[in-house]
Structure formats: C-alpha cells, structure tokens
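Readers should treat all values here as calculations from the given coordinates under stated rules, not as data from a laboratory. Just so it is clear, the model here is predicted, and its values are computed rather than measured. So basically every Cβ, Gly included, is an ideal-geometry build from the backbone, and we count neighbours across all protein chains shown.
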Amino acid sequence: MSKESDKNINSVILRPYITEKTFNLIEKENKLTFIVSDDASKKDVNEAIRTMYEGNVKEINIFRTIQGKKAIVKFTKNDEARELATKLGLV
C-alpha cells in the first residue's frame, strides 16, 4: 500500500461519535457511529474500518448532519462493536 493510500485511509474516519442514542446502538444493534470526511464513500469507510480497526463490516449507512457526515457501521460478529468501542475508550 502506498503512502498516498495510507494517508487517504487515515483521513476517512475523523473520530468516533458517541451519544446516548449511539451508545444504545452499540449495545442493542452491534453498530458504531463515526464522523467521516465529507468525500468518504461506503467503500472508503469499509476499507478504513478493516485497515485501522481490523473490523468485519456487515453494513454501512452514511448521512449528513449538522455535526458533519456520519457513518453508522454494523459489524458481522456479535459484540464486535462493543469490543471496538472498549478498545477506543468509548465505553
């Protein structure tokens, strides 16, 4: 992988987004929410999750909000969202 693609992957996901609602998504639906770059696609987010966090993505929904562009990522393995949230220090 080239330096350019590494830079792109590292700039896709800006930060995790945690609120009471997104915390419930972690617990009940195995989903994590991230603020992503404005030009990020589902494919970009999937690649970034696999590369940065070694996550197995089942589904991604992306939408724009006042806080920025968000991606809700559903993981394939049970409790994978909770494990990643714990690793990131969110829970």
Response to the item:
Once the in-chain neighbours fewer than 8 apart are removed, the lysines whose Cα is under 28 Å from K21 read K31, K42, K43, K58, K69, K70, K74, K77, K87
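By counting other Cβ atoms within 10 Å of each Cβ, how are E20, E29 ranked from fewest to most?
Numbers: E20 6, E29 12.
By the 10 Å Cβ count, ascending, the order reads E20, E29.
With 10 angstrom as the radius, rank R82, R64, R50 by how many other C-beta atoms surround their C-beta, starting from the fewest. Don't skip to the end; give the middle numbers.
On the way: R82 16, R64 9, R50 13.
Least to most surrounded, the residues fall as R64, R50, R82.
From the square roots a ≥ b ≥ c of the eigenvalues of the alpha-carbon gyration tensor of segment 3-83, which class results: rounded (a/c under 1.5), prolate (a/b over b/c), or oblate?
Numbers: a/c = 2.07, a/b = 1.28, b/c = 1.62.
Verdict is oblate for segment 3-83.
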Fill in: Simple spin-label estimate for E29 and M52 in nanometres, 7 Å along Cα-Cβ
2.1
